[in-house]
Amino acid sequence: MFSITGITGQVGGAVAHNLLAANRPVRAVVRDLRKGEAWAQRGCEVVKADITDQAALTAAFEGAEAVFALIPPCFDPSPEFAEARTVGAVLKAALEAAPPGRVVYLSTIGAQAKQSNLLTQHTIIEHLLDPLSMPITFLRPAWFLENCSWDVAGAREKGAIWSFLQPLDKRFPMVATADVGRVGAELLQDVYNGGRVVELEGPHRVTPREIADAFSDLLGRSVKAEPVPRSRWEELFRSQGMRNPMPRIQMLDGFNEGWIEFEGGETRSRKGMVPVKAVLQTLIERDN
């Protein structure tokens, strides 16, 4: 049995789809049983557990051959990342109480970075989980291409996308969630010893201008990439309701300045198969 947290999201769902396609049994771990009905219809065992409920999470992991651990995103964390420390401690305790054969934790590119930023949440959790006795893989994907969903309306209606990733001709590591789900499922089924880090990006790195050009081709209209001035970031994020925007700003600085990067660099990262245009086409169709 493979226990999958975050199964109702894009990555967790992709992991589960790949496991089911391989005829592997899946236990869907959900916060709302109603959202698990579609997975039950596909033959999955469905259990209810919140990522902060140690007892429920322990029960969800009981007897599992492997666990895919995915935590809900927290884009506006407290200054000391209290949310990540709580989730990490609960997750560790549940895995210790009901140890599976192996664990794949969905981390992030740059988890090894020393500078504090939004992704430090995963750094904290990696450090908490690293001493576990069972084999554990920290899967560190690049920037999700699906973040471009925010750009579809602007590209279609105004012929522009506004980029926080800068400069516009810099090639950034990005990856499709379909690739993350496929690799995640492969790693769950892989028998190994000890701990390891797997860093994953798409077939090639992408510039914001190339994303705009891809939108142009798909939408049949001219689309340009425009930089969002850094001087406006804090005001903009606070206007969106963020109380503590600095971690997000520091993360963007890390990508732009290059200190958020794979620990093994581009040459040693695992490469996915899904091209940029395929992801953008899906996002455009969803927005119709």
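From G184, G154, G159, which residue is in contact with a strand residue (DSSP E or B) (Cβ under 7 Å, 6 or more places away or on another chain) and free of Cβ contacts under 8 Å to residues at least 40 places away in the same chain?
Working: G184 fails: free of Cβ contacts under 8 Å to residues at least 40 places away in the same chain; G159 fails: free of Cβ contacts under 8 Å to residues at least 40 places away in the same chain.
Step by step, each of G184, G154, G159 is checked, and only G154 is in contact with a strand residue (DSSP E or B) (Cβ under 7 Å, 6 or more places away or on another chain) and free of Cβ contacts under 8 Å to residues at least 40 places away in the same chain.
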| field | Matching residues in the stretch 14-43 - criterion: being within 12 Å of S3 (Cβ to Cβ) and not hydrophobic (A, V, I, L, M, F, W, C) | value | R24, P25, R27
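Quick check on this structure: which one of P275, P247 is under 18 Å from the mean Cα position of the chain (by Cα) and either of a type in the set (K, R) or more than 28 Å from C74 (Cβ to Cβ) (or both)?
Numbers: P247 fails: either of a type in the set (K, R) or more than 28 Å from C74 (Cβ to Cβ) (or both).
Step by step, each of P275, P247 is checked, and only P275 is under 18 Å from the mean Cα position of the chain (by Cα) and either of a type in the set (K, R) or more than 28 Å from C74 (Cβ to Cβ) (or both).
I need the full set of residues from the stretch 1-50 which are assigned to a strand (DSSP E or B), of a type outside the set (A, V, I, L, M) and surrounded by 18 or more Cβ atoms within 10 Å (Cβ to Cβ), in order please.
Of everything in the stretch 1-50, those that are assigned to a strand (DSSP E or B), of a type outside the set (A, V, I, L, M) and surrounded by 18 or more Cβ atoms within 10 Å (Cβ to Cβ) turn out to be F2, S3, T5, R27.
Run down T177, T108 and say which single residue is crowded, with 19+ Cβ neighbours inside 10 Å, in contact with a Lys or Arg (Cβ under 7 Å, 6 or more places away or on another chain), in contact (Cβ under 8 Å) with a residue 24 or more places away in the chain and within 22 Å of A16 (Cα to Cα). Step through it out loud before you land on a result.
Numbers: T177 fails: in contact with a Lys or Arg (Cβ under 7 Å, 6 or more places away or on another chain).
Only one candidate qualifies: T108.
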| remark: Result of the Cβ filter at 9 Å on the stretch 14-27, keeping first residues that are free of Cβ contacts under 8 Å to residues at least 12 places away in the same chain and partners that are crowded, with 17+ Cβ neighbours inside 10 Å, at least 6 apart or interchain, is A21/A185
| task | Only one of these is in a helix (DSSP H, G or I) and over 21 Å from L119 (Cα atoms): E226, E210, E234, E266. Name it. | result | E210
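Suppose we filter the stretch 144-162 for residues that are outside any helix (DSSP H, G or I) and surrounded by fewer than 20 Cβ atoms within 10 Å (Cβ to Cβ); how many remain? First the steps, then the outcome.
Taking the stretch 144-162 first, the residues outside any helix (DSSP H, G or I) are 144, 159-162.
Then drop every residue that is not surrounded by fewer than 20 Cβ atoms within 10 Å (Cβ to Cβ), which leaves 144, 159-160, 162.
Number satisfying all stated conditions: 4.
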| said: Take the conditions closer than 27 Å to P77 by Cβ and basic (K, R) and apply them to R140. Does it pass? | reply: yes
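Read-outs: derived from the displayed coordinates by stated rules, not from any lab. The structure displayed is predicted, hence computed values, not measured ones. Here the Cβ is made from the backbone with ideal geometry for all residues, glycine too, and neighbour counts use every protein chain on show.
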